[in-house]
Amino acid sequence: MRKLFIAGNWKQNGRLALVEGALQTLSQQPEAMWQDCEVSLFLPYPLLDFAIDKKQMSGLPLVIGAQNVSAYADGAYTGEVSADLLAELGTKAVLVGHSERRALFDESEPLILEKMKRAHAAGLNVVWCIGETQLDREGGQHFERIRTQLVDTIRALGIAALSKIVIAYEPVWAIGTGLAASTHQIQEMHQYIRDLISDFDKNIAEQLRIIYGGSLNRDNIGQVLMMPDVDGALVGGASLDPSHFVSLCHIGTEVNKKLES
Ligand code: 13P
């Protein structure tokens with residue numbers, strides 16, 4: 001069974017005090033939660049060092065990740081942060097291709113590919129975010145959009161790279177809207193993604209974790225995680241409340257136990 005993956009994406013939110021609060025709440029959780037669930041927090045750059053320090057002192061198996069990475073090696077790229085520097089700080093993972101970066105900062109597929117290459121070369125795991133817009137879905141183009149986001153990049157990276165990648169399906173219309181996709185829409189797309197990867201390599205497709213993001217909270221996450229091709233969650237707003245976030249991890253581990261039995 002694929003290990004449950006629950007991640008919080010704080011976006012441009014959070015201060016030092018929230019890091020302290022989140023780490024404190026996480027450190028009060030039972031050992032069993034950590035065994036059953038890989039928990040990650042994707043933080044703004046300036047909070048990474050502080051969070052990694054705190055995490056190391058607490059000994060928690062929490063993964064601290066960045067929300068972005070430069071497509072370039074060190075050099076004259078004002079405002080950018082290299083994958084090598086992130087790795088040196090102890091960052092273990094990075095989000096690439098989030099729809100907010102695609103839409104607000106014009107990130108293209110070739111740029112996203114470069115970011116993934118840099119991340120991998122530095123030893124960072126990647127959570128690769130993909131998702132269709134409302135217009136795509138209304139026009140019946142949602143599968144095609146996902147195929148476009150995936151196929152060329154996989155060909156360029158090589159299918160083996162997917163063993164260090166988690167794919168996050170985040171329909172743009174479900175992000176921050178309070179309108180999560182239905183379990184049917186989610187399962188259908190996750191299965192589509194797994195089938196598509198399976199055309200490259202069956203084993204990798206079987207092991208690949210595909211997680212969902214978009215307006216998840218403690219009321220809807222249980223049903224979403226019941227879906228056979230959903231292996232976890234990428235949570236925005238609800239991850240800013242540490243007790244809400246850990247309740248999502250607990251609901252996830254409960255669902256997994258049910259599915260196993
Ligand atoms: P919300 O959970 O706030 O909808 O955000 C989802 C998201 O974009 C996570 O990356």
Can you tell me which residue among A76, A103 is surrounded by fewer than 17 Cβ atoms within 10 Å (Cβ to Cβ) and assigned to a loop (DSSP other than H, G, I, E, B)? A76
If you go through the stretch 157-184 one residue at a time, how many are within 15 Å of the ligand (Cβ to nearest atom) and outside any loop (DSSP other than H, G, I, E, B)? 7
Tell me which residues, restricted to the stretch 89-103, are more than 13 Å from the ligand (Cβ to nearest atom) and polar (S, T, N, Q). T91
So, first residue closer than 24 Å to M57 by Cα and more than 16 Å from the ligand (Cβ to nearest atom) in the stretch 1-19, second residue part of a helix (DSSP H, G or I) and of a type outside the set (A, V, I, L, M, F, W, C), Cβ within less than 8 Å, six or more apart or across chains; the pairs are V19/K54
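Residues checked against (1) in a helix (DSSP H, G or I); (2) within 16 Å of the ligand (Cβ to nearest atom); (3) within 20 Å of D231 (Cα to Cα):
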| site | (1), (2), (3) |
| --- | --- |
| L86 | yes, no, no |
| E107 | no, yes, no |
| A119 | yes, no, no |
| V126 | no, yes, yes |
The lone condition Y212 fails out of (1) within 15 Å of the chain's Cα centre (by Cα); (2) part of a helix (DSSP H, G or I); (3) within 15 Å of the ligand (Cβ to nearest atom) is (2)
Can you find a residue that is at pLDDT below 95, under 18 Å from the mean Cα position of the chain (by Cα) and either assigned to a helix (DSSP H, G or I) or more than 16 Å from the ligand (Cβ to nearest atom) (or both) anywhere in the stretch 221-230? no
Quick one: in the stretch 68-81, which of the residues that are in contact with a Phe, Trp or Tyr (Cβ under 7 Å, 6 or more places away or on another chain) and farther than 22 Å from I154 by Cα is farthest from the ligand (Cβ to nearest atom)? E80
Based on what the data block shows, is T177 closer than 23 Å to P110 by Cβ, surrounded by fewer than 21 Cβ atoms within 10 Å (Cβ to Cβ) and out of contact with any Leu (no Cβ under 7 Å at 6 or more places or on another chain)? no
Only residues in the stretch 211-224 that are over 13 Å from F5 (Cβ atoms) count as the first member; pair them with residues that are within 12 Å of the ligand (Cβ to nearest atom) and acidic (D, E), Cβ under 8 angstrom, at least 6 apart or cross-chain, and list the lot. G214/E170
Could you tell me which of the residues T148, T153 is among the hydroxyl-bearing types (S, T, Y), in contact with an Asp or Glu (Cβ under 7 Å, 6 or more places away or on another chain) and either closer than 19 Å to V94 by Cα or away from the ligand (no atom under 11 Å from the Cβ) (or both)? T153
Result of the Cβ filter at 6 Å on the stretch 176-192, keeping first residues that are in contact (Cβ under 8 Å) with a residue 40 or more places away in the chain and partners that are part of a helix (DSSP H, G or I) and among the aromatic types (F, W, Y), at least 6 apart or interchain, is Y192/F143
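The values are calculated or read from the model by the stated rules, or taken from the named source; none is laboratory data. These numbers come from a predicted model, not from an experiment. Cβ coordinates were reconstructed from backbone atoms using ideal geometry, including for glycine residues, and neighbour counts include every protein chain displayed.
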